[in-house]
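Structure first, then comments.
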Amino acid sequence: MPSPVRMPTTHPLRRLSHLTLLLAALGLSGCAASRPPPPLECPTRKFAFTREQSCRNDGWVEFCLPSDDTEALARVRAIVPDARTLPSGGRARCDVPAQVLVQLPTPTSECTERHGALQEPAWERLCRVAALPEVQRVVPTWFE
């Protein structure tokens, strides 16, 4: 009688532990990717207005950035793609040519009412911009 052929086997618990680790790793990486970022504490001390007054302007708010800091401007535009720059002191009183005036739109479509408060998504964007260390003071824009 032939002797039984022994097949190499992996202990069922060992297979299970490998499978469990793989699934856990995939599950955890998926959770980490889908988790929202932690809430940002808005640096309201940098604003010359309150949230309730954040649309009390001519459709823009403004601040100064160093003229040669292209990375800071890129970070601002990553948050607010419609940010525009002007070679002017503006209401923010930028020190031209060392600084550039940056204006961010506050369209009425993002306000609770004309000259009221910015809606939550727009306010959060403004807070993210103000949290950048290069941004010192954000003021309303008034065209004359």
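The values are calculated or read from the model by the stated rules, or taken from the named source; none is laboratory data. In this text, all values refer to a predicted model and were calculated from it rather than measured experimentally. Don't worry about glycine lacking a Cβ; one is built from the backbone with ideal geometry, like all the others, and counts go over all protein chains shown.
A few points about this structure:
- Selection of the range 108-134 for residues being under 14 Å from the mean Cα position of the chain (by Cα) and among the β-branched types (Val, Ile, Thr) yields only 129.
- Any hit, the range 122-139, residues being of a type in the set (S, T, N, Q), closer than 19 Å to residue 69 by Cβ and surrounded by 15 or more Cβ atoms within 10 Å (Cβ to Cβ): no
- Across the range 86-104, the qualifying residues are those that are surrounded by fewer than 16 Cβ atoms within 10 Å (Cβ to Cβ) and not aliphatic (A, V, I, L, M), and the one among them that is nearest to residue 49 (Cα to Cα) is 93.
Conditions tested, residue by residue: (1) of a type in the set (Lys, Arg); (2) surrounded by 15 or more Cβ atoms within 10 Å (Cβ to Cβ); (3) at positive phi; (4) modelled with pLDDT of 55 or more.
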| position | (1), (2), (3), (4) |
| --- | --- |
| 2 | no, no, no, yes |
| 14 | yes, no, no, no |
| 21 | no, no, no, no |
| 40 | no, no, no, yes |
| 55 | no, yes, no, yes |
| 58 | no, no, no, yes |
| 76 | no, yes, no, yes |
